[in-house]
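The values are calculated or read from the model by the stated rules, or taken from the named source; none is laboratory data. Bear in mind the structure is a predicted one, so any value in this text is a computation, not a measurement. Note: ideal-geometry Cβ built from the backbone for every residue, glycine included; neighbour counts use all protein chains shown. Side chains included, ligands, DNA and RNA excluded: accessible areas come from the protein's heavy atoms. Shrake-Rupley method; radii C 1.70, N 1.55, O 1.52, S 1.80 Å.
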Amino acid sequence: MGETVAIGIRAEGLRKVYTSPPPAAAAGRGAGFSFFARGKRPKQKLEIVALDDLSLEVAPGEIFGLLGPNGAGKSTTVGVLTTRIRPTAGRAWIGEHDVWRERVPVKRLVGVVPQRPNLDLALTAREILVFHGAYFGVPAAERVRRAQELLERFQLTDRADRLVLGFSGGMLQRLSIARALMHDPRVLFLDEPSAGLDPQTRLLLWDLIRADNRRGTTILLTTHNMEEADELCSRVSIVDHGRMIALGTPEELKRSIPGGYVVRLHLAAAPPALLSRFERLPGVTGVRTSGDGAVDLYADRGGALLPEVARLSNEAAVEIRDVKISEPSLENLFLHHTGRSLRD
Amino acid sequence: MNAKTFLAMLRRDAHVARRNFVTLLLQTLFQPMLLVFVFGKVMTSSGLIRPEYKGMLLPGIIALAMLLSGVWSVAMPLVSEFQFTREIEDRLLSPIEIEWVAVEKVVAGMLQAIAAGLVVLPTAWLVMGSGVGLSFSRPLDFVLLALLVSCLAAAIGLVLGTSVGQTQIGLMFSLVIAPMIFFGCAYYPWSALQVFPTLQKAVLINPIVYASEGFRSALVPRFPHLPRLAIYGGLVFFDLLFVSFGMRQFRRKAVG
Ligand SMILES: Nc1ncnc2c1ncn2[C@@H]1O[C@H](COP(=O)(O)OP(=O)(O)O)[C@@H](O)[C@H]1O
Ligand SMILES: [Mg+2]
């Protein structure tokens with residue numbers, strides 16, 4: 001729709017401390033009267049630091065990725081940036097609007113695809129889109145037309161007039177995205193949009209995201225899928241424990257890993273003498289032992305390193321049980337920064 | 001406040017209510033009609049209860065029908081929309097202050113409560129047959145009371161819907177709402193409690209008393225009822241109490 005100026009996102013020093021357990025854990029516990037919850041809790045105070053001084057800046061028109069493992073604080077970040085969660089400290093802006101102080105104008109600008117579909121179960125797919133348009137003041141004829149267009153684009157026409165209760169995960173996800181686009185948001189938030197999608201739907205989704213971005217929509221997506229970040233994002237920020245630990249284009253990030261390749265060895269034993277001989281191998285820039293007893297060699301080569309590694313291990317009478325070579329990737333970057341794999 | 005968004009949310013609730021029209025109608029009519037038939041027809045016709053009881057009972061039945069349908073229509077959807085599915089989020093993310101989402105729920109609940117009253121009043125009257133002796137000499141009172149009672153119902157629904165979990169809502173109805181109904185002076189006038197002076201004072205903390213006595217004062221003023229000042233005072237007080245408490249709970253539930 002028309003020529004519009006793209007809008008950026010900015011956050012400064014965001015901090016979020018939850019003082020109650022996540023809802024999933026709280027469900028089915030206790031008497032459930034939340035107005036007693038505060039008084040009933042013993043002295044011991046629960047504090048979950050979900051965001052710990054997180055700042056970020058997303059340029060207008062950019063596709064920006066937040067990459068991190070479960071519990072990193074990605075959804076909390078999206079919640080704060082979309083008025084759904086009040087930050088304990090820090091501020092955020094969508095365009096020039098302060099997110100917490102000017103919630104209504106901010107809500108007008110953003111579209112949100114939550115991690116878990118929160119579609120209105122009392123309505124049909126088409127009604128969900130049409131009512132969403134109505135909430136945003138889209139004129140009647142226009143919202144009917146746009147709903148039909150989105151249903152077609154997202155291949156939902158054959159189920160358009162049924163309640164969404166029986167929809168598959170992929171359909172719910174597509175409808176969620178269609179709904180977020182109904183009011184033509186300037187900034188689109190997608191929280192793990194492709195989790196649980198089959199590869200084909202994922203490709204369709206990526207196309208749709210790119211197409212929307214070309215029309216000037218700024219996009220912030222969260223993912224713990226490296227390929228997705230690599231494929232879609234102009235810049236990626238890696239978050240862990242509510243903190244940003246790296247930021248750059250996928251290329252820059254990959255280049256920043258010492259060596260680029262990671263050769264992960266599972267050895268019967270890891271005598272320090274052997275590790276220091278690995279370290280002196282040509283092309284090896286670092287050796288680290290990781291939590292589960294594996295040894296990571298950071299190097300500028302992958303497979304070419306193996307004969308040497310095998311020879312040294314043989315000489316030390318250490319059996320190699322498993323070898324995994326990873327090419328330069330964001331996954332390795334995460335491993336490098338945190339010592340943990342993204343999927344852990 | 002954004003009128004377009006507010007009205008669209010109301011239309012959404014009306015749309016869902018229309019879709020469930022038959023269920024809602026049965027739910028609204030079934031229990032009151034059983035009561036009306038047994039106590040207003042069988043017992044009075046057989047002479048076990050004096051026929052004047054009809055007029056005494058009808059206002060209470062209307063009050064209960066409005067209260068139950070209002071409470072239910074706000075509390076039940078809210079509980080599930082705030083629960084695991086978080087369905088309410090599409091409205092919380094609409095371009096309107098979240099407090100208005102709560103207000104919309106209350107208004108929708110009021111409309112349902114009023115509709116319930118409008119359905120139950122003539123039906124009950126018909127079932128009871130002659131001798132009810134309703135008087136419509138105070139139409140303004142009747143309208144005002146209907147507004148206050150429906151607001152009370154919706155506000156109680158708001159409090160319950162934002163404070164009680166899915167698993168406890170049934171328990172809540174049987175442990176809290178049911179006793180409130182029985183001690184709500186719906187089946188007997190407040191003055192009948194004068195033989196139990198302590199109880200008579202104690203039931204005054206029950207908002208349903210003011211609803212039942214209110215309709216009694218408007219529809220069958222010839223019977224004894226609470227003074228109008230007490231009725232209006234009680235209803236306004238409990239309306240404000242439950243609306244403000246419900247709003248607080250809603251806000252706490254809506255923002256993470
Ligand atoms: N509503 C909540 N109440 C309490 N704790 C929460 C809530 N939401 C998330 N958390 C906790 O905050 C941390 C960050 O969670 P989240 O933002 O959902 O991470 P991610 O989306 O990256 O998986 C986790 O430890 C999670 O358990
Ligand atoms: Mg998440």
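Show me the helices (runs of 4 or more DSSP H) entirely contained within the stretch B:148-211 in which 2 or more residues are in contact (Cβ under 8 Å) with a residue 24 or more places away in the chain. Quick ask: steps written out before the conclusion?
Details: elements: B:169-172, B:178-182, B:197-202.
In the stretch B:148-211, the matching helices (runs of 4 or more DSSP H) lie at B:178-182.
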Please state which one of A:Leu265, A:Leu247, A:Leu208, A:Leu204 is more than 16 Å from ligand 2 (Cβ to nearest atom) and not assigned by TED's automatic domain parsing to the domain that holds A:Ala180. A:Leu265
Answer yes or no as to whether A:Ile63 is within 30 Å of B:Met1 (Cα to Cα) and either at pLDDT 95 or above or away from ligand 2 (no atom under 13 Å from the Cβ) (or both). no
Sort out for me the strands (runs of 3 or more DSSP E) sitting completely within the stretch A:60-126 that have 1 or more residues that are away from chain B (no Cβ under 12 Å). A:63-67, A:89-94
Members of the stretch A:267-317 that are under 24 Å from A:Pro328 (Cβ atoms), in contact (Cβ under 8 Å) with a residue 40 or more places away in the chain and open to solvent by 60 Å² or more (accessible area, probe 1.4 Å): A:Arg288, A:Gly291, A:Asp300, A:Arg301
Taking the stretch B:220-256 only, how many residues are part of a loop (DSSP other than H, G, I, E, B), touching a Phe, Trp or Tyr at 6+ places or on another chain (Cβ under 9 Å) and surrounded by fewer than 20 Cβ atoms within 10 Å (Cβ to Cβ)? 2
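Sort through A:Ile219, A:Ile245, A:Ile209 and tell me the only one that's β-branched (Val, Ile, Thr) and open to solvent by 10 Å² or more (accessible area, probe 1.4 Å).
Working: A:Ile219 fails: open to solvent by 10 Å² or more (accessible area, probe 1.4 Å); A:Ile209 fails: open to solvent by 10 Å² or more (accessible area, probe 1.4 Å).
None of the other options fit; the residue is A:Ile245.
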Look at A:Arg174 and say whether it is touching a helix residue (DSSP H, G or I) at 6+ places or on another chain (Cβ under 8 Å), charged (D, E, K, R), buried (at least 22 other Cβ atoms within 10 Å of the Cβ) and more than 10 Å from chain B (Cβ to nearest Cβ). yes
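Taking B:Met56, is it within 22 Å of the chain's Cα centre (by Cα), assigned to a helix (DSSP H, G or I) and more than 24 Å from B:Lys105 (Cα to Cα)?
Working: within 22 Å of the chain's Cα centre (by Cα): yes; assigned to a helix (DSSP H, G or I): yes; more than 24 Å from B:Lys105 (Cα to Cα): yes.
For B:Met56, the condition - within 22 Å of the chain's Cα centre (by Cα), assigned to a helix (DSSP H, G or I) and more than 24 Å from B:Lys105 (Cα to Cα) - is met.
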Confirm whether B:Leu68 is part of a helix (DSSP H, G or I), under 16 Å from B:Ile114 (Cα atoms) and within 21 Å of the chain's Cα centre (by Cα). yes
Residue hits (the stretch B:173-219; open to solvent by less than 50 Å² (accessible area, probe 1.4 Å) and among the basic types (Lys, Arg)) are B:Arg216
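Can you tell me which residues in the stretch A:188-201 are in a helix (DSSP H, G or I) and in contact (Cβ under 8 Å) with a residue 12 or more places away in the chain? Quick ask: steps written out before the conclusion?
Taking the stretch A:188-201 first, the residues in a helix (DSSP H, G or I) are A:199-201.
Passing the criteria: only A:Thr201.
Tell me, please, whether a residue that is open to solvent by less than 10 Å² (accessible area, probe 1.4 Å), of a type in the set (A, V, I, L, M, F, W, C), part of a loop (DSSP other than H, G, I, E, B) and free of Cβ contacts under 8 Å to residues at least 24 places away in the same chain can be found in the stretch A:144-158.
So the first thing to find is which residues in the stretch A:144-158 are open to solvent by less than 10 Å² (accessible area, probe 1.4 Å), and the list is A:147, A:150-151, A:154, A:156.
Still in the running and of a type in the set (A, V, I, L, M, F, W, C): A:147, A:150-151, A:154, A:156.
Those still in the list that are part of a loop (DSSP other than H, G, I, E, B) too: A:154, A:156.
Checking which are free of Cβ contacts under 8 Å to residues at least 24 places away in the same chain leaves us with none.
Looking for residues that are open to solvent by less than 10 Å² (accessible area, probe 1.4 Å), of a type in the set (A, V, I, L, M, F, W, C), part of a loop (DSSP other than H, G, I, E, B) and free of Cβ contacts under 8 Å to residues at least 24 places away in the same chain, one finds none in the stretch A:144-158, hence no.
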Hey, can you tell me all the residues within the stretch B:157-168 that are at the interface with chain A (Cβ under 9 Å from one of its Cβ atoms), crowded, with 19+ Cβ neighbours inside 10 Å and not hydroxyl-bearing (Ser, Thr, Tyr)? B:Val159, B:Val164, B:Gly165
